[in-house]
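Visitor: Once you've had a glance at the structure underneath, I'll fire off some questions.
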Amino acid sequence: MTNINKTIHNAVMVREVLTALHPHPGGHYLDATLGGATHSVEILKASNPDGKLLSLDVDPSALARGKNLQKEFAGRWMVTESNFRHIRDAATASKLIPFDGILFDLGFSSDQLADPSKGLSFQEDGPLDMRLGPKGNEDALTAEEIVNSWSKGDLIKCIKNFGEERFAFRIAEAIVTRRKKQKFKTTLDLASVIAESVPRQHKPGALHPATKTFQALRIAVNDELESLRVALNEAWDILAPCGAIAVISFHSLEDRIVKQTFKSFKDAEVSKKPILPSQTEINKNPRARSAKLRIACKQTSNNICPERTLLL
């Protein structure tokens, strides 16, 4: 029998997140991206005996794991199915506003990659879905619909803008040509067409040719960038004075949004540069190498929040 608590995902920069959020007894915290639950559990441990946490996710597996672990923190942990785009509504329902610390870990987990049914990976064959969960988007859009029905122009824009893929034109053209003969159904089918359409980089550690296109499709399906913009602004509104928002991003599009949005906040003290994982962590978990942590703290009128300045 599968252990519902088990996760193969290695959470990134746990120590730095705890330093940024400074969980303490009596505090209220929000993990907007539950995932493997490591960050949530560590926040709860650090805020013993009466700190409270609200965790959000749209992935049924992550939600089941979190809810099964709730009993270890009786009365202190709420796990809610919600896209973080609706963070204010979920927070209001929890009755925990304002929050002393809010976390966004924007990387999708190893558990999700290992689940072929989500269609996020080209390592195993699966349906071209790419929704992170039933509430991953609000229009039921899937990657299969995008590659089989969007115009070549829209495909180019998607792959170029969301994947930062320099061969976007070639890839879009190959997709349109192929779908005239046969519609795309699976991840490996799409990945093979992409790989055949672009020059292969024969370098150690080079990305698979489909990596950036799959990223672009996932972002488009889940409306990830706009959801992030909305969520960050709503998170700031529900943050307590001297509270902190910590965001871990994994690619430049996300990091750029976080940086620009943090700069727009009134009365914010913002980390001047992104905090990077240590080399020790990268050696243990190579996926951490692209992670960047940014922090925004809500200052008070007297500007005294000493415990929040450790990473700024």
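The values are calculated or read from the model by the stated rules, or taken from the named source; none is laboratory data. For clarity, every value in this text was computed on a predicted model and none was experimentally measured. FYI the Cβ positions are ideal-geometry reconstructions off the backbone, even for glycines, and counts take in every protein chain you see.
Visitor: Give the residues of region 37-65 that are of a type in the set (Gly, Ala, Ser) and assigned to a loop (DSSP other than H, G, I, E, B), sorted by residue number.
Guide: Scanning region 37-65 gives ALA37, SER47, GLY51.
Visitor: List pairs: first residue in region 266-280 and more than 17 Å from PHE250 (Cβ to Cβ), second residue modelled with pLDDT under 90 and among the hydroxyl-bearing types (Ser, Thr, Tyr) anywhere in the structure, Cβ distance under 9 angstrom, at least six positions apart or on different chains.
Guide: ASP267/THR300; ASP267/SER301; GLU269/THR309
Visitor: Also, quick follow-up: Would you check which residues across region 75-104 are under 19 Å from VAL41 (Cβ atoms) and either without any contact (Cβ under 8 Å) to a residue 40 or more places away in the chain or not assigned by TED's automatic domain parsing to the domain that holds ALA296 (or both) and list them?
Guide: Selection gives GLY75, ARG76, TRP77, MET78, THR80.
Visitor: Being hydroxyl-bearing (Ser, Thr, Tyr) and out of contact with any helix residue (DSSP H, G or I) (no Cβ under 6 Å at 6 or more places or on another chain) is the filter here, so list the residues in region 9-36 that pass it.
Guide: THR19, THR33
Visitor: Taking HIS39 as the residue in question, decide whether it is touching a residue at least 24 places away in the same chain (Cβ under 8 Å) and buried (at least 19 other Cβ atoms within 10 Å of the Cβ).
Guide: Yes.
Visitor: Hey, another quick one. Applying the selection to region 95-121, what residues are at pLDDT below 75 and either part of a loop (DSSP other than H, G, I, E, B) or within 15 Å of ILE219 (Cβ to Cβ) (or both)?
Guide: PHE108, SER109, GLN112, ALA114, ASP115, LYS118, GLY119, LEU120, SER121
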